[in-house]
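Asks: Could you have a look at this structure, given as structure tokens, before my questions?
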Amino acid sequence: MHHPKLLLALAALSLAPAPALAGETPSIVAPEGERFTLQQTEGGFLRMNKDTGAVSFCSVKDGVSVCRLSADERTAYEAEIERLRAENARLKTAGAAPGKPSTLPGEVEFEKALSFTERFLRRIMRLFKEEAPSGGTL
């Protein structure tokens, strides 16, 4: 689904010098540090992400702002989603492989870690008792 007006507006933005463009159509430029700038077009605004250069067409319908991705952005997002789906499927398959050794600690390792923790806590409690003022008041 192509928007001829959007393509024409993008072409005009890329070809027209900035002063001439600013005189023809009002531009809402974001203050320094803001992420987006807006350029008013027929039927809405072009929103440019100053960090990535991505451009979206935005309009207001029934008091709600709606911004649509450009075809290039949509293609990139769909490619990334497909890559993540494939990676997710690969990881699920690798995790469910029969005969794969568990990465969880066994009972012996668990008891050893528990023993270290218990010794540590007992030593800390002993240090607190030794350092506490006598007489029961702080």
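Asks: Kindly provide the set of residues from region 65-83 that are assigned to a strand (DSSP E or B) and of a type in the set (Ser, Thr, Tyr), ordered by number.
Replies: SER65
Asks: Being surrounded by 10 or more Cβ atoms within 10 Å (Cβ to Cβ) and free of Cβ contacts under 8 Å to residues at least 12 places away in the same chain is true for just one of GLU118, GLU107. Which residue is that? Break it down into steps so the answer makes sense when it comes.
Replies: On the way: GLU107 fails: surrounded by 10 or more Cβ atoms within 10 Å (Cβ to Cβ).
So the residue among GLU118, GLU107 that is surrounded by 10 or more Cβ atoms within 10 Å (Cβ to Cβ) and free of Cβ contacts under 8 Å to residues at least 12 places away in the same chain is GLU118.
Asks: Turning to a different aspect of this structure: If I go through region 43-73 residue by residue, how many of them are buried (at least 17 other Cβ atoms within 10 Å of the Cβ) and among the hydroxyl-bearing types (Ser, Thr, Tyr)?
Replies: The qualifying residues number 2.
Asks: Out of curiosity, is THR137 modelled with pLDDT under 90, among the β-branched types (Val, Ile, Thr) and part of a loop (DSSP other than H, G, I, E, B)?
Replies: Yes, satisfied.
Asks: A further question on this structure: Mind listing whichever residues of region 18-42 are surrounded by 12 or more Cβ atoms within 10 Å (Cβ to Cβ) and either modelled with pLDDT of 85 or more or among the aromatic types (Phe, Trp, Tyr) (or both)?
Replies: Those that are surrounded by 12 or more Cβ atoms within 10 Å (Cβ to Cβ) and either modelled with pLDDT of 85 or more or among the aromatic types (Phe, Trp, Tyr) (or both): PHE36, THR37, LEU38, GLN39, GLN40, THR41.
The values are calculated or read from the model by the stated rules, or taken from the named source; none is laboratory data. Quantities reported herein were computed from a predicted structural model and do not represent experimental measurements. Note that we place each Cβ from the backbone using ideal geometry, even for glycine, and neighbour counts take in every protein chain shown.
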